[in-house]
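A short reminder: the numbers here are calculations on the coordinates, not readings from a lab. All values derive from a computational prediction rather than experimental measurement. Because the Cβ atoms are built from the backbone with ideal geometry, glycine has one as well, and the counts that use them run over all protein chains shown.
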Amino acid sequence: MDVYGELSRDKWEAICRKCAKCCYEKVDLGGGVIRYTDEPCEHLDTETKLCKVYDRRHEVEPDCISLTEHLVRFLHWMPVECAYVEYVRHKDTIAQVHEADKKQRRNRKAKRRR
Ligand code: SF4
Ligand code: SF4
């Protein structure tokens, strides 16, 4: 498994809706509350909603990060509408359902053995 979870880099990148919501300045109001401002990153093309320096964004904008599944789980400032946030939540919910199902089956087997 790589940093993109079970997905290849291309598939991981394809999840992004290119909405650019994450490319606007944010203000941390404390207590886990983040307010997004109308101020776009200077490298964002607000017409196309695409980054003008995407391939070299880490060189020109050191604060810009490469999202990974792991990071999406821990970055509390990601917009709730972000496709990665939705993807990770969906994946975690499915994993929890599978885990609960496995636990139930184990319990049923244990009861039958008694
Ligand atoms: S550098 Fe590009 S990807 Fe990073 S925040 Fe700015 S516009 Fe978005
Ligand atoms: S908010 Fe999420 S879906 Fe939208 S551009 Fe950013 S990473 Fe992509």
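Positive end of the dipole of the chain (Cβ unit charges, origin at the Cα centre): among 51, 22, 93, the Cα lying farthest that way belongs to 93.
With a bin width of 10 angstrom, please list the P(r) values of region 49-114 as percents of all Cα-Cα pairs, from the 0 bin to the one holding the largest distance. Pair shares across the bins are 17, 29, 23, 14, 10, 5, 1. Short-range pairs are left out: with C-alpha atoms under 8 Å and at least six residues apart, the relative contact order of the chain is 23 percent.
GNM remark for the chain: springs join alpha carbons under 10 Å apart, and the peak mean-square fluctuation among 76, 98, 43 falls on 98. Our coupling estimate for region 8-24, obtained by passing each phi through the Karplus curve with A = 6.51, B = -1.76, C = 1.60 and θ = phi - 60°, is 6, 4, 4, 5, 4, 5, 5, 5, 4, 8, 6, 7, 6, 4, 6, 9, 10 Hz, Gly and Pro reported as x.
GNM, the chain, Cα, under 10 Å: largest mean-square fluctuation among 50, 29, 71? Ranking 50, 29, 71 by mean-square fluctuation puts 29 first. Once backbone amide H atoms are built at 1.01 Å from N, residue 50 has 45 as its partners under 5 Å, excluding neighbours fewer than 5 places away on the same chain. Taking all Cα-Cα distances within the chain, those exceeding 17 Å account for 66%. Considering only 36, 87, 54, the Gaussian network model of the chain with Cα springs below 10 Å gives its largest mean-square fluctuation to 54.
Residue by residue, region 30-38 carries 3J(HN,Hα) couplings of x, x, x, 9, 10, 10, 7, 9, 8 Hz when phi is fed to the Karplus relation 6.51 cos²θ - 1.76 cosθ + 1.60 (θ = phi - 60°); x denotes Gly or Pro. Based on the Stokes-Einstein relation at 10 °C and a viscosity of 1.306 mPa s, and on the Kirkwood radius from alpha carbon pairs, region 30-75 is assigned a translational diffusion coefficient of 126 µm²/s. Between residue 98 and residue 45, the modelled labels are 3.9 nm apart [label points 7 Å from Cα along Cα→Cβ]. Note on region 9-113: Lys pairs 8 or more places apart or on different chains, Cα atoms under 16 Å apart, count 7.
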